[in-house]
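Student: Sharing a structure here in C-alpha cells format.
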Amino acid sequence: MLSAYDDGELISKCKQGDTDAFGQLVDKYQQRVYNITFRMTNNHEDALDLAQESFLRVYRALASFKGESAFSTWIFRIASNVCLDKLRQKKRQPHIVLSMDSLMAGEEGDYPIEISAGEASNPEQHLLQGEMRREIRQALNAVSDEHRLVLVLRDIEGYSYEEIADMVGANIGTIKSRLNRARLALREVLTVREPLTSSARLREQKGG
Amino acid sequence: MNCEWITEHICDMLGGLLTPEEHDAVQAHLNVCPECSFFVSELRQDMLLLQGLGDVPVPVDLKLRIAEALAKPKPQKNPWRFFLPRFAPVAAAVLISILSINTIPGYMASREQLTKETQIDGAPRLQMAPPDQRGADPEVEGTGNCTVTDTINAGAKLGAATEELMTMSLAADKTEPSLWVVSSAAGSTVLLLWGAVVYRWYKKV
C-alpha cells in the first residue's frame, strides 16, 4: 500500500518511534533500493541482505537526517555505501564466494518473468533479447565497483548527474568523467567477450 | 574535432549535453569516420540495453526481515571492549616515548658526570695498596686487595661524589625543566587527539 503521507510526515512519525510509518517508507523505496543492491551484487541472497542492512541504517540514522538533501537521495546514498562496503569486504576475504544463485541464474531466479505482448509475439526476438540482457549483466558485473555504481545509478535507474553526485559524494565533473570511463570499460568487456551483442545488433539492423 | 575528443566526451554526447555547435561538429566527424560512428552506436546500444534491464523483483520477505530486525533489541555496546584495544597501543607508545625522552638524556648526563668525576680525582676511585703492605693488618687478611684505610677513603670519596652528582642532577633538572613538560604535553596531546577520533568512531558505530 502506498503512503498517503509525504516523506516529511513519515520521517517525523518515525522519529517518534512509529515503526508503521517506517514500513510505509520501506514500501515506497524498497524497489529502487533493491534494484541498486541487486545490480551491484548480481545475486538475490546478497542483495536481500544489503537492502535489509540499508534500511536498518536508514532507520538508525533518521535522527541525524536534517533534510539537506532529498530523502530519496539520502536513502540511495546509504544503499550505495552499504554495497561498496560489502564489496570491498568481499575483496579482502577472497575465500568468500558469491552465493550459488549468482553463479547459476539470472535476475529473475524463481520469480515470474513478465513478458510484454511484443516479446511474446516473437519468441526468437525474446530469446535474443534475453541473451543480450544476460551479456550486459555479466559485463556489468565485470567492471569495477565504482564504475558499476555510476552505470547502475545513471543508465539503469536514470538518476540525474546532480543526484548521483549527491549520492556518491563527488562533484558533477567527477561523475561525468567516471561515467565516461565506466561506459568505455563496459564496452571493452563486451568487445573482449563473445560479441553476441554486436552480432545480434547487426542481425537486427539487417532484419529491420 | 577528432576521435580522441569523441572518446573523451561520450558522456555528454549520449546524455544530449553537447552545445549545438559541438553537436554539428560531432555529426560531421561521425559522417567521415566509420570507426567512431560504429563505436558511438555500440555505446548507445549498451546504454539502451542497460536502460532496458528495468526493475528487479523484490523478494516478499524483505519488509518482514526489516520489521523483525527492528523488533530485536539493539545489542548493547560494551565501551571497554571498544575503547581498550584502541587505546592500549597508543597509550603504551606515548608512555614509552615519555620514559625514553626523560630517561635517555638523564642516563647520558649521569655517564658524563661520572667520567668528569673520575677525571677530577685524577686517580682511580679504589686505590690498590702496594703488594708489600698487604697482610700487615690482620683485619684485612684474606681480602688481599686493599687496606681498611683505602676502603674508608674510597667509600668517603664515593659518597661525596654521589652527593655531588645528585646536586648537579638537581641543578640540571632546574636548568632544563621543559624536557619533562614538553614530552608530557606532547604525549597528552596525542592521547587527547586519538581519544577524540576514537570517540567519534564509537558514536558512529
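Student: Within a 10 angstrom radius of the beta carbon, how do A:Leu48, B:Leu70 rank from fewest other beta carbons to most? Mind showing how you got there, number by number?
Tutor: Details: A:Leu48 19, B:Leu70 16.
In increasing order of surrounding Cβ atoms, one gets B:Leu70, A:Leu48.
Student: Greater than 29 Å separation of Cα atoms is the criterion. Which listed pairs, A:Lys66/A:Lys91; A:Lys15/A:Lys90; A:Lys13/A:Lys91; A:Lys66/A:Lys90; A:Lys15/B:Lys203; A:Lys13/B:Lys72, meet it?
Tutor: A:Lys66/A:Lys91; A:Lys15/A:Lys90; A:Lys13/A:Lys91; A:Lys66/A:Lys90
Student: A:Asn81 versus B:Ala185, label points 7 Å from Cα toward the beta carbon: distance in nm?
Tutor: 3.7 nm
Student: Still on this structure, I have one more. Cut-off is 10 Å between beta-carbons; in what order do B:Ser188, A:Ser80 appear when sorted fewest neighbours first?
Tutor: Ranked by crowding around the Cβ, least crowded first: B:Ser188, A:Ser80.
Student: Between B:Val198 and A:Arg88, how many nm apart are label points set 7 Å from Cα along the C-beta direction?
Tutor: Going from the B:Val198 label point to the A:Arg88 one covers 2.2 nm.
A short reminder: the numbers here are calculations on the coordinates, not readings from a lab. All values reported here derive from a predicted model rather than from experimental measurement. Neighbour counts run over all protein chains shown; Cβ positions are idealised from the backbone, glycine included.
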